[in-house]
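Engineer: Please read through the structure below; I'll follow up with questions.
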Amino acid sequence: MNREKTLILVVFLVLTAATAAVIKHAGAHQKLGPPGVRTAPLPGSRNLQVVLPTHLNGYDILLTTQSQMVVDALPADTSFGSALFTGRDGFKSLANVVLMGTDRSSIHKPQVCLTGQGWEIEDAASKVEQLPMTRPFAYDLPVMHLVATLKTQVDGQPRVLRGVYVYWFVDGAKFTAEHWQRMWWMARDMLSTGVLDRFAYISYFAVCEPGQEAATYERLKQLMVASVPEFQLVPREKLALNARGD
């Protein structure tokens, strides 16, 4: 029995060492893939600026910057894009894009961002949904739809706010709403091609009163259908049926 345990341990250590060697070799020879969002050079920096729309029918758009706390917490070669959309009806949503560089830790599980700001995610009301897009042609964009609650105070009085948070990931060829799917694609492509998929994490966030979650999500979908094609480059062609990496 001890001999069998020793053999299993040796096999495990050999496989672990071999896996580490393959990953190290791939990392040393990796090439960074193209982004799936519009970018522009950032003067005085090796990073890029994610180019979000400055004009959209029915909305006022204010381009914003990331907080220094977020910038300091992420790898130095992380690129950003952020904009506040305000509809003529007063609806507001913050759109945010985090584009990784050579360090894959630029993008982490999105739920961490919300809970770190005091929001409590309602798992029962959160799920992957298909967003019907019309441009550049008709296709379904998978998005993660989260609903969250924030207990806060306004003028010394307790108040409950609801948040509708929608996100997904996209690189130069494919997109997904699942964090695990993105991680699998990155590992697969790195080992098979030596290319590090350059994913962008795209999110839209709107705050509303309790009971207005469904209406807010419908309003968010209208905004995303109108604005996403202005900066997301994937899918590029109608013939690219494998846009999701299937």
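Read-outs: derived from the displayed coordinates by stated rules, not from any lab. All values derive from a computational prediction rather than experimental measurement. Counting neighbours? That spans all protein chains shown, and the Cβs are built from the backbone with ideal geometry, glycine included.
Engineer: Place a point 7 Å from Cα of ALA73 in the direction of its Cβ. Which residues in the range 193-227 have their backbone N less than 17 Å from it?
Structural biologist: The answer is 201-205.
Engineer: Okay, moving on. Which of LYS127/LYS151; LYS31/LYS221; LYS151/LYS174 have a Cα-Cα distance over 27 Å? Provide the component values of the computation, followed by the final result.
Structural biologist: Numbers: LYS127/LYS151 22 Å; LYS31/LYS221 35 Å; LYS151/LYS174 37 Å.
In this structure, LYS31/LYS221; LYS151/LYS174 lie more than 27 Å apart at Cα.
Engineer: Could you give me the radius of gyration and the Dmax of the range 97-189, taking only the C-alpha atoms into account and expressing both in angstrom?
Structural biologist: For the range 97-189, the Cα-based Rg and Dmax read 16.1, 53 Å.
Engineer: With N residues in the range 45-142, what two-decimal value do you get for its Cα radius of gyration over 2.2 N^0.38 Å? Intermediate values should be presented prior to the final figure.
Structural biologist: Numbers: Rg = 15.8 Å, N = 98, 2.2 N^0.38 = 12.6 Å.
Its radius of gyration relative to the 2.2 N^0.38 Å reference: 1.26.
Engineer: For the range 143-151, in order, what is each residue's ³J(HN,Hα) by Karplus, 6.51 cos²θ - 1.76 cosθ + 1.60 with θ = phi - 60°, in whole Hz (x at glycine and Pro)?
Structural biologist: Karplus-based 3J(HN,Hα) across the range 143-151 equals 10, 8, 9, 10, 10, 9, 10, 10, 9 Hz.
Engineer: Starting from one equal scatterer on each C-alpha and no solvent at all, send me the Debye-based log10 I(q)/I(0) for the range 30-74 at q = 0.15, 0.22, 0.23, 0.25 Å⁻¹, two decimals.
Structural biologist: -0.58, -1.04, -1.08, -1.13
Engineer: Mind putting a number on the dipole of the range 120-246 about its Cα centre? Charges go on the C-beta only, +1 for Lys and Arg and -1 for Asp and Glu, and I need it in Debye to the nearest 20.
Structural biologist: Numbers: 14 positive and 16 negative charges, 53 e Å.
Using Cβ point charges on Lys, Arg, Asp and Glu, the range 120-246 gives about 260 debye.
Engineer: Tell me which of ALA124, GLY211, LEU94 sits at the most positive position along the dipole axis of the range 34-230, charges placed on C-beta atoms (Lys, Arg +1; Asp, Glu -1).
Structural biologist: Projecting each Cα onto the dipole axis, the largest value belongs to LEU94.
Engineer: Continuing with the same structure: Above 26 angstrom, tally the Cα pairs of the range 34-230 and express them as a % of all pairs, no decimals. Intermediate values should be presented prior to the final figure.
Structural biologist: Details: 6542 of 19306 pairs.
Percent of Cα pairs beyond 26 Å in the range 34-230: 34.
Engineer: Within the range 86-110, name every residue whose backbone N is under 18 Å away from a label modeled 7 Å from Cα of GLN222 along the Cβ vector.
Structural biologist: 86-95
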